[in-house]
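Visitor: Sharing a structure below in structure tokens format, with a few things to ask.
Read the figures in this text as sums done on the coordinates, not as results from a lab. Since this is a predicted model, take the numbers as computed values, not measurements. For neighbour counting, all protein chains shown are included, and Cβ atoms are generated from backbone atoms with ideal geometry for every residue, glycine included.
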Amino acid sequence: MRMAVLIKQVPATENIKIDEKTGTMIREGVEAELNPLDLHAVEEAVRLKERLGGEITVISMGPPAARRAIASAIAMGCDRGFLISDRKFAGSDTLATSLTLAAGVRKAGEFDLIFAGERATDGETGQVGPAVGRYLGASVFTYVSKVASVEGGRIVLERAVEGGHETVAAPLPALLCVVKEINTPRLCTLAGKMRARRTEIPLLDAASLGIPDAKLGLGGSPTKVVRVMYPQITRNGKIFSAADDPDGAVRAVFDLLREHGAIEEATSDAE
Amino acid sequence: MPNSRGDVWTLAEVRDGAIHSVSWELLAWGRKLADKLGSRLASVVLGSGVADKTDSLIHHGADVVYVVDEPELATYRPDAYNAVLVSLVKEYKPEIFIASATTTGRTVMPVLYVDLETGLTADCTGLDIDPETKLLLQTRPAIGGNVMADIRTPNTRPQMCTVRPRSKRPLAPDANRRGEVIVKRGAAADLASIYQFLSFDREKAVGLPIQDAEIIVAGGKGMKNPKNFALLEELARRLGGSVGASRQAVDLSWAPYSAQVGLSGKSVTPKIYIACGISGAVQHLAGMSAADTVIAINTDPDAPIFRVADIGIIGNAMEIVPKLIDMCPGGCGRKGGEAR
Ligand SMILES: Cc1cc2nc3c(=O)[nH]c(=O)nc-3n(C[C@H](O)[C@H](O)[C@H](O)COP(=O)(O)OP(=O)(O)OC[C@H]3O[C@@H](n4cnc5c(N)ncnc54)[C@H](O)[C@@H]3O)c2cc1C
């Protein structure tokens, strides 16, 4: 099985702190990590390799520092990695990113299966995975919660959708955006880390991808961010202490629920 | 294309053969946009056996409904859906095309915008028309709700986005509203699909999927054990709501992943969110701070969840939840299992 995994380096979310005075995000000292949802994509590829054999290529688009995220995926069991990086990519929206990533995937080789996380924890769009799949002309599956089988050039899998799971199938090559419930990612081993350190991660820049400049970065992005705000999420609600006023607290909730029609005025036990 | 501005389009969503209520929410957004632009509002329905289900879309605000009713579209197949939509967009050239940020909308649109070479903004919580440029102003949260961004698509058409479910109430239906229904046949080449739908396994959970729920009773690690967690199911059942969970509760297998609220789970926008034994970590707040009303029950007066609570109760959830359950004997709330 020839597999690729698309990963992204993101700011570590547990460290997100908001400056209480200015309401802006404090970026200093925030560590970068492999997007937590991408760990499940890496894990699923590694599991399939263990079952079916094959090779896994990790591909990431980002600043040179994203090599670290690629290395950690290799440490989990992937075989090689490519970094797609160029100043010309700066300011790419999801369309420009997807076009660039798809070109990088083509450059990296031919694949039967391509994995991506459901979305990145920073941009949170979930648009890049399916769009790359479309650019590559692959079968596109989002919200994949289980790979049932890969056989005879065909994949059968489950998708977690509203209210349940659907089982669907399509021919390879396929791009799968996986959700967290698909697996529990392994930790990387020391041997894996050593192997990652030895593995060279070649660079794919704009010139090597052969995409016209007009389609790259900010200029190649149809969407423009015109304003960024840092909302304060505080509501200044009414806080009761159950110890001092147990009934008052419950009554306040009751009144609120009734106001919203969740509880009927005259409670009937007809049902 | 100055002076020949196209219509505002919404993608209707069909689930279990019926128009789902998110379609009407989109029409409420679309109505506002179309009125500000002075253009028509159209809804697009793809499915099988849907041709006679267009009334509710008109009653909820659509001026035009485009229907493609073909057996091949009975289930969501990415390639056929995409080809049919590309053909429609190329024929009618809408100015704006919005879909709900459901699993379907979040798959249809990212495939479609590649073919249309235009912009797509994900999971918007606010939409407006810029009075000067007449461009669509798309507001969306990012980085776990810590940042809100305004985004525009100035040069390409249609301007596309997905919209977070429940970010707007549907308009009151008006049974006297009249509109135009345009039934289109799908071209054979468009309907051909490499995807095969095999089966659907419905989850046995209390109430609606949390993304659709008006009331969510959510629990975290503070519920201590699965038996206590089951109290929340009882409360949810009686209120006609659904059960949500923090990641800790999901990791402990007290609730399925489909119930997880937050950064690596679902973003929800219920009318009422009752958080029981949930500390309110930023990653959890990312998924629920847009709820209309938040009620929090926690023993720790400094728990961050209280900062986003409209009503906070400092106390033991195991004592307070049973009292809430007792308030409505035998399930007296609105009926569960219905969209609205
Ligand atoms: C990348 C990443 C993604 C994440 N994604 C998510 C996500 O999607 N969703 C999510 O929820 N979390 C997510 N998390 C985890 C998050 O950081 C927190 O660890 C988690 O939300 C905590 O869950 P909790 O509130 O149930 O548990 P805790 O933080 O342990 O809180 C338990 C709370 O219960 C209270 N309590 C204890 N006893 C009682 C009692 N008897 N009655 C009432 N209250 C009581 C305590 O005071 C405490 O506040 C993510 C973390 C990371 C790093």
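Visitor: Can you work out the FRET efficiency for the pair A:Val30 and B:Ala18, with r the C-beta to C-beta distance and R0 = 45 Å, to the nearest 0.05? Display every interim value, and only then the final one.
Guide: Details: r = 46 Å, r/R0 = 1.02.
After rounding, the FRET efficiency stands at 0.45.
Visitor: Could you list which residues have their amide H under 5 Å from that of B:Gly6, counting only those 5 or more apart in sequence or on another chain, with H placed in the peptide plane?
Guide: Residues meeting the criterion, in which the H sits 1.01 Å from N, are B:Glu95.
Visitor: Still on this structure: Calculate one ³J(HN,Hα) per residue across the range B:57-70 by plugging θ = phi - 60° into the Karplus curve 6.51 cos²θ - 1.76 cosθ + 1.60, and present them in order as whole Hz with x for glycine and proline.
Guide: So the J values, rounded to whole Hz, are 5, 5, 4, 8, x, 6, 8, 9, 10, 9, 10, 10, 10, 9.
Visitor: Taking amide H atoms as placed 1.01 Å from N in the peptide plane, list the residues 5 or more away in sequence, or in a different chain, whose amide H sits under 5 Å from that of B:Ile182.
Guide: B:Val65, B:Tyr66, B:Val67
Visitor: While we're looking at this one, here's another question. Helix-only mean residue ellipticity at 222 nm, chain B, DSSP H runs n ≥ 4 weighted -39,500 (n - 2.57), per residue, nearest 500. What is it? Present the calculation step by step, with values, prior to reporting the outcome.
Guide: Details: 9 runs with 89 residues, N = 340.
For chain B, the value works out to -7500 deg cm²/dmol.
Visitor: Over 30 Å between Cα atoms, which of B:Lys204/B:Lys224; A:Lys180/B:Lys32; A:Lys193/B:Lys224; B:Lys32/B:Lys204; A:Lys180/B:Lys227 qualify? Before the final figure, lay out the partial values.
Guide: Details: B:Lys204/B:Lys224 23 Å; A:Lys180/B:Lys32 36 Å; A:Lys193/B:Lys224 37 Å; B:Lys32/B:Lys204 37 Å; A:Lys180/B:Lys227 25 Å.
From the list (B:Lys204/B:Lys224; A:Lys180/B:Lys32; A:Lys193/B:Lys224; B:Lys32/B:Lys204; A:Lys180/B:Lys227), the Cα-Cα distance tops 30 Å for A:Lys180/B:Lys32; A:Lys193/B:Lys224; B:Lys32/B:Lys204.
Visitor: Between 0 and 90 degrees, rounded to the nearest ten: what's the tilt of helix B:22-37 against the longest Cα principal axis of chain B?
Guide: 50 degrees
Visitor: A further question follows. Working from Cα positions, state the angle (0 to 90°, nearest 10) between the long axis of helix B:317-327 and the longest principal axis of chain B.
Guide: The two axes meet at around 70 degrees.
Visitor: So, one more: Per residue of the range A:113-121, in order, report the coupling 6.51 cos²θ - 1.76 cosθ + 1.60 (Karplus, θ = phi - 60°) as ³J(HN,Hα) in whole Hz, putting x for Gly and Pro.
Guide: Ordered by residue, 3J(HN,Hα) equals 9, 10, 10, 9, x, 5, 6, 8, 6 Hz.
Visitor: Something else now. Taking θ as phi - 60°, what are the ³J(HN,Hα) couplings along the range B:245-261 by the Karplus curve (6.51, -1.76, 1.60), each to the nearest whole Hz, with x for Gly and Pro?
Guide: 8, 7, 5, 4, 5, 5, 4, 7, 6, 7, 8, x, 4, 4, 9, 6, 9
Visitor: What distance in nm lies between label points placed 7 Å from Cα along the C-beta direction at A:Glu50 and B:Ala74?
Guide: 3.9 nm
Visitor: Let me have the 222 nm mean residue ellipticity of chain A computed from DSSP H runs of 4+ only, each contributing -39500 (n - 2.57), with the sum over all residues rounded to the nearest 500.
Guide: On the way: 7 runs with 77 residues, N = 271.
Roughly -8500 deg cm²/dmol at 222 nm, from the helical runs in chain A.
Visitor: At B:Asp300 and B:Ser253, where each label point lies 7 Å from the Cα along Cα→Cβ, what is the point-to-point distance in nanometres?
Guide: Between B:Asp300 and B:Ser253, the label points sit 2.6 nm apart.
Visitor: From the residues B:Thr293, B:Phe97, B:Ile58, which one has its Cα farthest along the dipole of chain B in the positive direction, the dipole being from +1 and -1 charges on Cβ of Lys/Arg and Asp/Glu about the Cα centre?
Guide: Result: B:Thr293.
Visitor: May I ask for the net charge around B:Ile313, where only other residues with Cβ less than 14 Å from the Cβ of B:Ile313 are counted and Lys, Arg are +1 while Asp, Glu are -1?
Guide: On the way: positive: A:Lys238, A:Arg251, B:Lys323; negative: A:Asp244, A:Asp245, A:Asp247, A:Asp255, B:Asp300, B:Asp310, B:Glu319.
Charge balance near B:Ile313 sits at -4.
Visitor: Among A:Lys224, A:Lys49, A:Lys88, whose mean-square fluctuation peaks in a Gaussian network model of chain A (Cα, cutoff 10 Å)?
Guide: Evaluated over chain A, the most mobile residue of the options is A:Lys224.
Visitor: Sort B:Thr121, A:Thr125, A:Thr189 so that the residue with the fewest other Cβ atoms within 10 Å of its own Cβ comes first and the one with the most comes last.
Guide: Details: B:Thr121 30, A:Thr125 23, A:Thr189 12.
If I rank by nearby Cβ atoms, fewest first, I get A:Thr189, A:Thr125, B:Thr121.
Visitor: Using a 7 Å offset from the Cα along the Cα-to-Cβ direction at both B:Asp55 and B:Thr156, what is the distance between the two label points in nm, to one decimal?
Guide: 4.1 nm
Visitor: In addition: Take peptide B:200-211, look around each residue's Cβ out to 10 angstrom, count Cβ atoms belonging to other protein chains, and average those counts.
Guide: Other-chain Cβ atoms within 10 Å of each residue's Cβ, averaged: 3.
Visitor: Let me spell out the model: positive unit charges on the Cβ of Lys and Arg, negative unit charges on the Cβ of Asp and Glu, origin at the Cα centre of the range A:2-215. What dipole size does that give, in debye rounded to 20? Display every interim value, and only then the final one.
Guide: On the way: 27 positive and 27 negative charges, 125 e Å.
Dipole about the Cα centre, nearest 20: 600 debye.
Visitor: List every residue whose amide H lies under 5 Å from the amide H of A:Ala148, counting only residues 5 or more places away in sequence or on a different chain, with H placed 1.01 Å from N in the peptide plane.
Guide: A:Val156, A:Leu157, A:Glu158
Visitor: Assuming a viscosity of 0.692 mPa s and a temperature of 37 °C, what translational diffusion coefficient in µm² per second does Stokes-Einstein assign to chain B, Rh being the Kirkwood radius over Cα pairs?
Guide: Numbers: Rh = 21.2 Å.
For these conditions, the coefficient is 155 µm²/s.
Visitor: Build a GNM of chain A with springs between Cα atoms under 10 Å: which of A:Arg227, A:Arg51, A:Arg87 gets the top mean-square fluctuation?
Guide: Looking only at A:Arg227, A:Arg51, A:Arg87, the largest GNM fluctuation is found for A:Arg227.
Visitor: Continuing with the same structure: Using the Kirkwood radius over Cα pairs, work out the Stokes-Einstein diffusion coefficient for the range B:8-191 at 25 °C and 0.890 mPa s, in µm²/s as a whole number. Please list the in-between numbers first.
Guide: On the way: Rh = 16.3 Å.
Here the translational diffusion coefficient equals 151 µm²/s.
Visitor: To continue, here is another question. With angles folded into 0 to 90 degrees, how steeply does helix A:246-259 sit against the dominant principal axis of chain A? Use alpha carbons for both and round to 10.
Guide: Orientation of helix A:246-259: about 70 degrees from the principal axis.
Visitor: Provide B:Phe97, B:Phe197, A:Phe254, A:Phe141 in ascending order of the number of other Cβ atoms located within 10 Å of each residue's Cβ, fewest first. Present the calculation step by step, with values, prior to reporting the outcome.
Guide: Details: B:Phe97 29, B:Phe197 14, A:Phe254 17, A:Phe141 25.
Taking fewest neighbouring Cβ atoms as first place, the list is B:Phe197, A:Phe254, A:Phe141, B:Phe97.
Visitor: Another question about this same structure. Taking neighbour counts of Cβ atoms within 10 Å as a proxy for exposure, in what order, fewest first, do B:Thr118, B:Thr107, B:Thr54, B:Thr10 appear?
Guide: Final ranking by Cβ density, sparse to dense: B:Thr118, B:Thr54, B:Thr107, B:Thr10.
Visitor: Per the Kirkwood treatment, what hydrodynamic radius in Å, one decimal, follows for the protein assembly as shown from the mean inverse distance over all distinct Cα pairs?
Guide: Working: mean 1/r = 0.0399 Å⁻¹.
That comes to 25.1 Å for the protein assembly as shown.
Visitor: Now a separate question. Using a Förster radius of 25 Å, what is the FRET efficiency between B:Asp130 and B:Val181 based on their Cβ-Cβ separation? Nearest 0.05, please.
Guide: Numbers: r = 32 Å, r/R0 = 1.26.
Efficiency, from the Cβ-Cβ distance: 0.20.
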